Each structure stands twice: as structure tokens, then as C-alpha cells.
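Visitor: This is the structure I want to talk about, given as C-alpha cells.
A short reminder: the numbers here are calculations on the coordinates, not readings from a lab. Computed from a prediction, not measured in an experiment: that's the story for all the values here. For neighbour counting, all protein chains shown are included, and Cβ atoms are generated from backbone atoms with ideal geometry for every residue, glycine included.
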Amino acid sequence: MSKHLVVLGGGPGGYAAALVAARKGLQVTLIEEREIGGTCLNRGCIPTKALLACSDLYSRIREASRYGIRVEGASADLDAMQARKDKVVKTLRTGVESLLAKRGVTVVKARGHFTGSHELMAGTESIKGDCIIIATGTEALRLWEGDGILISDEALTLREVPESLLVVGAGAVGIEMACFYSELGSKVTVVEMMAQAMPGLDSEIVETCVRELKKKGIQIKTSCKVEKLEGRTVTFSDGKSASYAVILQAVGRAFNTSDIGLEHTGLTTLRGRIAASGTMETGVAGIYAIGDIVTGSPLLAHSATAQGIVAALSAAGEKASMDYSAIPNCIYSHPEVASVGQRESDIDQPVVARVPYRTIGRSHAGGDIAGLMKIVADQETGKVRGVHIVGEKATELIHEGAVAVRLGLTVREMGEVVRAHPTFSELYSECYHLLEGRAVHVL
């Protein structure tokens with residue numbers, strides 16, 4: 001009889017683990033109380049990007065005269081945008097459900113919790129597993145309740161564009177929602193308690209992005225927090241007050257580990273998170289943890305997916321280990337921001353190349369000249385340590401940088417790659433050539 005794997009949580013990490021384990025011949029049960037796909041597919045990554053595609057196109061249509069195109073009477077239909085977003089989500093979710101069924105994964109639609117180290121209750125059903133993967137993820141934090149005071153889940157379902165919007169928190173969720181509603185006509189303010197927006201990212205990249213966001217009319221207040229909230233009137237720590245039609249709290253995530261019966265497994269948590277090894281196995285043999293709930297893990301869907309694959313292979317008896325050295329971090333703002341590897345401030349002896357988008361032909365041809373690519377390398381070894389980008393297609397461009405960082409490639413090796421002209425990828429060539437003292441289009 002094949003080994004039985006139970007996956008608790010059907011988000012991008014959980015369903016990836018289930019699909020890979022089933023392909024490897026394990027008997028797999030996936031427990032998920034809500035929709036397959038978890039937060040990412042249903043209430044996060046995918047619906048957000050579907051909406052941002054709408055607002056970006058609307059924004060470009062309004063600027064069509066720059067391209068010699070006359071468009072009159074264009075208007076934004078938020079109901080239609082929401083319908084499109086819902087269709088995209090349903091299509092992708094149905095696809096995942098179909099894959100699970102075709103690979104023989106048993107899906108149990110119920111809330112699961114441990115009753116023993118290798119036993120769970122899902123609704124009224126008791127399920128035992130030789131191996132168990134915990135993939136319960138996170139939920140948006142809610143600090144305040146009230147009419148018009150939302151979390152990101154609710155901001156993705158609005159049917160009217162708010163006249164004014166306060167976004168509390170300038171991380172990925174906050175900045176993306178600020179872009180969407182600003183492009184549809186909201187007067188948007190973003191407040192961030194840290195010294196810079198998009199905390200943790202390269203400061204030069206952030207500065208470039210913030211400059212462009214301000215051109216869109218988005219006001220960004222840093223080193224500032226909400227001191228008092230009365231209705232939808234906010235008093236900030238800088239002493240200023242203002243009222244808003246809608247307030248979005250984008251202040252972080254809560255880990256879903258407090259009520260899943262971990263006390264029956266022998267596992268403990270640190271600030272809601274579970275420690276796991278490189279194979280994603282916890283301190284209890286046969287129990288794995290993946291995704292947001294893992295100590296030190298980035299809160300990213302693609303990281304969870306990678307961890308899910310590693311956990312599934314490990315459960316199947318194969319050698320696999322998670323590598324966190326080159327996981328891209330992307331913000332789908334307009335302009336986009338993407339980063340992988342180390343920042344300049346993380347390295348003792350860095351060498352750095354900075355190349356503006358305006359130096360390459362594709363930027364001018366397409367009309368997207370705002371942006372910057374920054375590559376950080378080690379002075380002694382010449383190895384590429386980090387790549388940081390703000391601008392058009394940044395979230396696609398970043399993966400060449402991820403390959404360079406992951407494989408420990410050098411500036412010379414990457415500089416010898418011939419990239420097509422005209423493309424945004426030529427930014428890499430310019431950066432590497434600049435680092436080697438043979439730049440063509442940069443002084």
C-alpha cells in the first residue's frame with residue numbers, strides 16, 4: 001500500500017505539494033475549508049493583478065494621444081472589471097481543481113485540525129497520514145472595524161470607486177491597491193510607519209518608484225502612523241487630521257496556526273510560525289510545514305510553491321532542499337518593482353552598476369522611460385549578488401537576475417550573453433558592461 005500524505009491547506013504551496021506527491025505515487029488527501037488556491041488565487045495575487053491590468057489599460061487609453069491615437073469618451077466600469085477579475089479567478093481555480101481530480105487527489109472540503117501527531121479531524125471525518133504537510137497560510141490583519149474600513153480581501157470587491165482612499169501600510173498590498181484606485185480616479189494617500197515605503201527593498205529603487213507614484217497623484221507619508229481613528233477621520237502621528245471615504249488597512253498578515261490543534265503534535269510556534277529544516281520537515285518526524293507559517297520564510301506565493309514541492313519530494317523519499325538565496329520579490333505597481341538577492345548595503349565590498357531605462361531604445365519606442373536597473377556584485381569574486389529593478393516589465397526581467405544569483409555567475413559570464421535589440425533585457429547588458437568598464441550607452 002502506498003504512503004498516505006495529508007496536506008492541510010489548499011493554497012499555492014498546499015495544492016502544489018499535493019499534485020507533486022500524487023505524481024510520485026503517494027496516496028494524497030488535501031484538506032481545505034475554503035476555495036482551492038487559497039489567498040493567492042482567490043483573494044490576493046491573481047485578483048489583484050487582474051484588476052491592475054484593467055486600471056493600467058485604462059490609464060494608457062487616457063494617454064493614447066501620446067501615441068497618435070484619439071480616444072474619446074473612455075470611462076472605467078468597475079462592475080465590469082470585477083466581473084472580469086472573478087472570471088479569471090474562477091478559470092484558474094477550476095483548472096487546479098481539475099488537475100487535483102485527474103491526479104487522484106482526494107479533496108476534503110472542511111476545516112481540519114490535529115487530534116494526534118499524525119491524525120486530523122476534517123469536519124466529522126478522521127484522517128490519518130504517514131506524512132502531513134501543514135500549509136495553513138495567513139489572513140489579512142484587521143486592526144479596526146467600521147463602515148468603510150476594509151482589509152485587502154474587501155478592497156478587491158468594491159463596486160464603486162471611492163472619492164478618497166487612505167491606505168495604511170506601504171508594502172506590496174498597499175502600494176498595488178493605491179495604484180489601482182488612483183488610476184480609476186480616487187484621491188489616494190498612503191501612510192507608512194517605517195522610514196521608507198516598500199520597507200526592506202533597495203532605497204534607490206524605492207525612491208524612483210515613489211517619484212513616479214507621486215506623479216500619479218498618490219500622496220505617500222512615511223515615518224508616520226495612525227494615532228487615532230474616529231469613524232473615518234484619522235489623526236496622524238504628525239498631528240494632521242483628515243477624513244476619507246474608504247480606509248484600507250494593509251498592515252500585515254496573521255499566521256493561521258493558533259487553532260489547528262498543534263498542541264496534539266508536539267510542535268510549538270514562535271510568534272505564530274513553525275520551524276522547518278531545508279527539507280521542510282519540522283521537529284516532529286513526518287510532519288512538514290510550508291509557506292507563510294514557516295519561520296524565516298518570505299510571505300510569497302512562489303516561495304510557498306517551491307517549499308511545497310520540496311516537502312512533497314521529501315515525503316516521497318527523494319532528496320530535496322529549499323534554497324532561499326534567489327527568491328524574487330515583486331510589487332506589481334505602475335511602475336513595477338522587483339528585487340532578488342542582496343542589496344548594496346548587505347555586502348562588505350560591493351561594486352554597483354546603475355542603468356536608467358531611458359538609456360535603451362525599447363524604453364523610448366514603447367514610451368516607458370521611467371525606471372532603473374541596479375546590479376550589485378562582489379568586488380573580490382565578481383559574482384552577481386543582487387538585482388533590483390523599477391520600471392516596465394520589472395517583474396518579468398527579474399528572473400534573469402535570479403538565475404545569476406542562484407548559480408553564482410560572474411559579471412563577466414553574464415556580460416558575455418548577447419541579448420536581442422531592442423528589448424528591456426538590454427538593461428542587463430548595459431549594467432554588466434558598465435561594471436567591466438566597457439559600457440556602450442552609459443557614461
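Visitor: Tell me the Kirkwood hydrodynamic radius of the stretch 74-117 in angstroms, computed as one over the mean inverse distance between distinct C-alpha pairs.
Guide: That comes to 13.6 Å for the stretch 74-117.
Visitor: Amide H of LYS225 versus every other amide H placed in the peptide plane: which residues, excluding those fewer than 5 positions away on the same chain, fall under 5 Å?
Guide: Hits under the 5 Å cutoff: SER237, ASP238.
Visitor: Of all the Cα-Cα pairs you can form in the stretch 158-218, what percent are over 15 Å apart?
Guide: I get 46 percent for the Cα pairs in the stretch 158-218 exceeding 15 Å.
Visitor: Using the structure shown, select from LYS49/LYS319; LYS3/LYS393; LYS240/LYS374; LYS221/LYS374; LYS109/LYS221 the pairs with a Cα to Cα distance greater than 32 angstrom. Display every interim value, and only then the final one.
Guide: Numbers: LYS49/LYS319 35 Å; LYS3/LYS393 43 Å; LYS240/LYS374 36 Å; LYS221/LYS374 25 Å; LYS109/LYS221 43 Å.
Going by Cα-Cα distance, LYS49/LYS319; LYS3/LYS393; LYS240/LYS374; LYS109/LYS221 fall outside the 32 Å limit.
Visitor: If each residue of separation counts as 0.36 nm, what is the full-extension length gain between TYR324 and LYS240 once their alpha-carbon separation is subtracted?
Guide: Length gained, TYR324 through LYS240: 26.1 nm.
Visitor: I would also like to ask the following. Can you give me the relative contact order of the chain as a percent, contacts being Cα pairs under 8 Å and 6 or more apart?
Guide: Relative contact order for the chain comes out at 15 percent.
Visitor: Continuing with the same structure: By how many degrees, 0 to 90 and rounded to 10, does the Cα axis of helix 203-215 deviate from the longest principal axis of the chain?
Guide: 70 degrees
Visitor: Please list the non-local residues whose amide H lies under 5 Å from the amide H of GLY386, H modeled 1.01 Å from N, same-chain partners needing a gap of 5 or more.
Guide: GLN342, VAL376
Visitor: Once you have the alpha carbon radius of gyration of the chain, what is it after dividing by 2.2 N^0.38 Å, with N set to its residue count? Please list the in-between numbers first.
Guide: Working: Rg = 23.3 Å, N = 443, 2.2 N^0.38 = 22.3 Å.
Compared with the compact-globule rule of thumb, the chain sits at 1.04.
Visitor: By per-residue mean of other Cβ atoms within 10 Å, what is the highest-first order of 40-53, 99-112?
Guide: Highest-to-lowest ranking by the protection proxy: 40-53, 99-112.
Visitor: Tell me the angle of helix 301-315 to the major Cα principal axis of the chain, expressed in degrees between 0 and 90 and rounded to the nearest ten.
Guide: 30 degrees
Visitor: Taking a Cβ-Cβ separation under 4.7 Å as the criterion for a possible partner, which cysteines of the chain have none?
Guide: Among the cysteines of the chain, those whose Cβ sits 4.7 Å or more from every other are CYS54, CYS131, CYS179, CYS209, CYS224, CYS330, CYS431.
Visitor: Of the DSSP beta bridges with both residues in the chain, give the percent that are antiparallel, rounding to the nearest 5. Each step should come with its number before you reach the end.
Guide: Numbers: 42 of 72 bridges.
Taking every DSSP beta bridge within the chain, about 60 percent pair in antiparallel fashion.
Visitor: If you count the DSSP beta bridges with both ends in the stretch 117-192, what percent of them are antiparallel, to the nearest 5?
Guide: Approximately 45 percent, going by the DSSP bridge assignments.
Visitor: Another question about this same structure. Ratio to report: Rg/Rh of the stretch 335-435, with Cα atoms as the point set and Rh obtained by the Kirkwood method; give two decimals.
Guide: On the way: Rg = 12.5 Å, Rh = 13.2 Å.
Answer for the stretch 335-435: 0.95.
Visitor: Kirkwood Rh over Cα pairs of the stretch 98-177 into Stokes-Einstein at 4 °C, 1.567 mPa s: D in µm²/s?
Guide: So the translational diffusion coefficient is about 77 µm²/s.
Visitor: Additional query: Order 285-294, 202-211, 257-266 from most to least packed using the mean count of other Cβ atoms within 10 Å.
Guide: Those peptides, ordered most packed to least, come out 285-294, 202-211, 257-266.
Visitor: Here is a follow-up. Would you mind checking the tilt of helix 12-23 against the longest principal axis of the Cα atoms of the chain, expressed as 0 to 90 degrees and rounded to 10?
Guide: The angle comes out near 50 degrees.
Visitor: Related question: Counting other C-beta atoms within 10 Å, which of MET177, MET81 has the fewest, and how do the rest follow?
Guide: MET81, MET177
Visitor: Let me ask another. Fewest Cβ neighbours within 10 Å first, please rank PHE255, PHE180, PHE424 accordingly. Kindly include the intermediate steps, with their values, before the conclusion.
Guide: Details: PHE255 19, PHE180 27, PHE424 22.
Least crowded to most crowded, the residues run PHE255, PHE424, PHE180.
Visitor: What are the residues whose amide H is under 5 Å from the amide H of LEU248, where those residues sit 5 or more places off or on another chain and H is modelled from the backbone?
Guide: Counting only residues 5 or more places away or on other chains, the set is LEU150, LEU166, VAL167, VAL168.
Visitor: Take GLU32, GLU163, GLU119, GLU72 and order them by how many other Cβ atoms sit within 10 Å, fewest up front.
Guide: GLU72, GLU163, GLU119, GLU32
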